[in-house]
Structure formats: C-alpha cells, structure tokens
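Below you'll find the structure, written out as structure tokens, and then a few comments.
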Amino acid sequence: MATLPHNDIYQLVREPIDMAALARHVRAPEDGAIVPFDGFVRNQSHNRPTLYLDYEAYESMALAKMREIGAQLHEKYRIHRVAIVHRLGRLEIGETSVFIAVSAPHRAAAFDACRFAIDTLKRTVPVWKKEYFEDGAVWADGELPPAPAVTPRAKTAS
Amino acid sequence: MPLAPSRITGYNAPVPPVSQTIRVKVLFFGRLKELSGHAEDSIEFADATTIEELFALYAARHPELAKFRSSVVASRNQEFAAWDTRLRSGDEVAFLPPVSGG
C-alpha cells in the first residue's frame, strides 16, 4: 500500500475495502485509540428503495484532496496515523463506500479528526454517486465545494 | 471570443504575427459529462481565455449545460479555481457538479 511521511494511506479502490487491514495499519504501540468511520450504501434515498449506487471520481484531484485532508488532520489534531479509502464503481446495498481510520495517543483527538475528515471529504473531494432505482437513476444531491470567487491579483500577474 | 492576434509585432516584421495558441484539456464529470456528451475534450484558443469563457463555449454547444452553471465548480490543474482564472497552454480544466462522495 502506498504510504506517506506519516505512514498514512490515501486510496481510491474498485474492490471491497479491507477495513480490518486499514485499522491494523494505523494502530501502533504508542497509540491508545483508533476511531474508524465506515460509510456504507443505504437501502433507500428520500424513501425510494435503492437498487445500487455507482461512484465515479476525478481520480487525480480526489487523491490530492484526500491527502490535503490528511495534512490538515496532522496540523489540527494530536493524532498518529490516518487511512482514508474511497471505493468507486458499482456498490450494492450495505457495501462500504468510504472508510476512514484515525489513530491517536488519546481518544478525543481521534474522534475530532475522524469527524473532520469525513465532513471535509463530503464537501471537497470530487467524487459523485448515481443512485439507481426500479424506475430510473439520478445523480445524488451533493455539496458545492468552496472555490475562490475571484483570482487573487498576485496570481493573475504571475 | 476575439480571434485576432493580441499584439502586432512590428511594421516590417519578416514573419506575420502569430498569436500564441493555448491548448487545454477539459474534463466533465457526473451530470455534466452526460450533458456535454463527453468526459474529456481538448481545445485550442488563439487568445487569452478564462474558465468562464471556456464554459460559455460548451454551454453554447450544449444549452442544457448553461442551466447548471450556478451549481458548477471549476478546477484548474486539480485545484478549485475562480471563474476569472486565465488559462495557460497545457492546463487541465475540469467542470465539477456538486460532490456527493462518502
């Protein structure tokens, strides 16, 4: 698995996510806690039964944004390691689409960091899901990522 | 979009002035990919162009795209970018609908 300075893992995969392996990866003797987040496919959307979901990503940018989230976690919280993995392609009901695990010496930082990671991922990582129903398919409502309103002057001049 | 060269090189220029060609790669995702009819395109401009102008070009070809303009975010070289960003040759621009990962 690709690792970074902190021995973190950031991946996009097309196969089922091995949550146990990721939890083991972030766990170290100096830690006291791991907070995992397991996001999986719900069986309904706005009270319509879902058949399955199909995920796509702007892969190079999604990975860059996931790494950025990791860097923010290390800056903001006293944590040890991070794993963030998102699955793409067709996912059935109950299958894990995103898994995050954060280890830390103490639990509070791990809880806070994990919550920040999933909230930020849902706002800023370019991944999209299409929901398939008995009678058709729709792109899921999403969040508009925050983007600069105008180019800073210094950048235009360069 | 102006197609004329942006500057005149000289009175007795031995070579006709050639405006600099800007070639960019354009990506569409999610609903925008379906509306534009392609995931990836490559386009050339004779003159300075912003992301806004680039989107307008595709919106003119695919009027359905224009309706979603207010819920589109653009990126340049994998970074979220302002609509007034000027493109440079070799840039990769993507038009992104609201994200729905997780």
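What follows is calculated from the coordinates using simple rules that are stated; it is not laboratory data. Given the structure is predicted, the values throughout are model-derived calculations rather than measurements. Please note: Cβ atoms are built from the backbone with ideal geometry, for glycine as well, and neighbour counts cover all protein chains shown.
Once the Cβ-Cβ distance of A:Tyr52 and B:Glu34 is raised to the sixth power relative to R0 = 22 Å, the FRET efficiency obtained is 0.75. When shorter helices are ignored and each DSSP H run of at least 4 residues is given -39500 (n - 2.57), the per-residue value for chain A at 222 nm works out to -9500 deg cm²/dmol.
What does the charge dipole of the protein assembly as shown about its Cα centre add up to, to the nearest 20 debye, if the Cβ of each Lys and Arg holds +1 and the Cβ of each Asp and Glu holds -1?
Using Cβ point charges on Lys, Arg, Asp and Glu, the protein assembly as shown gives about 520 debye.
For chain A, relative contact order (Cα pairs under 8 Å, six or more residues apart, normalised by length) works out to 31 percent. 3J(HN,Hα) along segment A:96-105, derived from phi through the Karplus expression 6.51 cos²θ - 1.76 cosθ + 1.60 where θ = phi - 60°, amounts to 6, 9, 9, 9, 10, 9, 10, 10, 7, x Hz, with x in place of Gly and Pro. Annotation: amide H of B:Asp84 within the under-5 Å range of A:Thr151, sequence separation 5 or more or interchain, hydrogens built in the peptide plane. Specify which residue in the list A:Ile9, A:His74, A:Val125 is farthest towards the positive end of the charge dipole of chain A, using unit charges on the beta carbon of Lys, Arg (+1) and Asp, Glu (-1), about the Cα centre. About the Cα centre, the residue reaching furthest to the positive side is A:His74. Beyond 24 Å in Cα-Cα separation lie the following of the pairs A:Lys65/B:Lys25; A:Lys65/B:Lys67; A:Lys122/B:Lys25; A:Lys130/B:Lys33: A:Lys65/B:Lys67; A:Lys122/B:Lys25. What the Cβ-Cβ distance of A:Ala21 and A:His106 gives, at R0 = 22 Å and to the nearest 0.05, is a FRET efficiency of 0.35. Mean per-residue shielding of peptide A:53-66 is 4, counting Cβ atoms of other chains within 10 Å of each Cβ.
Under 5 Å from the amide H of B:Thr49 lie the amide H atoms of B:Leu87, each residue being 5 or more positions distant or on a separate chain, with H modelled from the backbone and absent for Pro and chain starts. For segment A:23-31, putting each phi into the Karplus relation 6.51 cos²θ - 1.76 cosθ + 1.60 with θ = phi - 60° gives couplings of 4, 5, 5, 7, 7, 9, x, 7, 8 Hz, in residue order, rounded to whole numbers and with x for Gly and Pro. Rounded to the nearest 20 debye, the dipole magnitude of segment A:9-135 is 340 debye, with +1 charges on Lys and Arg beta carbons, -1 on Asp and Glu beta carbons, and the Cα centre as origin. Per-residue mean of foreign Cβ neighbours for B:81-91 is 3 (Cβ atoms of other chains, 10 Å radius). What the phi angles of segment B:57-72 give under the Karplus curve with 6.51, -1.76 and 1.60, with θ = phi - 60°, is a coupling list of 4, 6, 5, 5, 7, 10, x, 4, 4, 4, 4, 9, 3, 6, 10, 10 Hz, glycine and proline written as x. A DSSP coil position with no more than 16 other Cβ atoms inside 10 Å describes the following trypsin sites (Lys or Arg not before Pro) in segment A:50-88: A:Arg78. For A:Ile9, the amide hydrogen comes within under 5 Å of the amide hydrogens of A:Val82, A:Ala83, A:Ile84, counting only partners 5 or more places away or on other chains and with H modelled in the peptide plane. Ranking of A:Met19, A:Met66 by neighbouring Cβ atoms within 10 Å, starting from the fewest: A:Met19, A:Met66. What the Cβ-Cβ distance of A:Glu95 and B:Ser42 gives, at R0 = 25 Å and to the nearest 0.05, is a FRET efficiency of 0.10.
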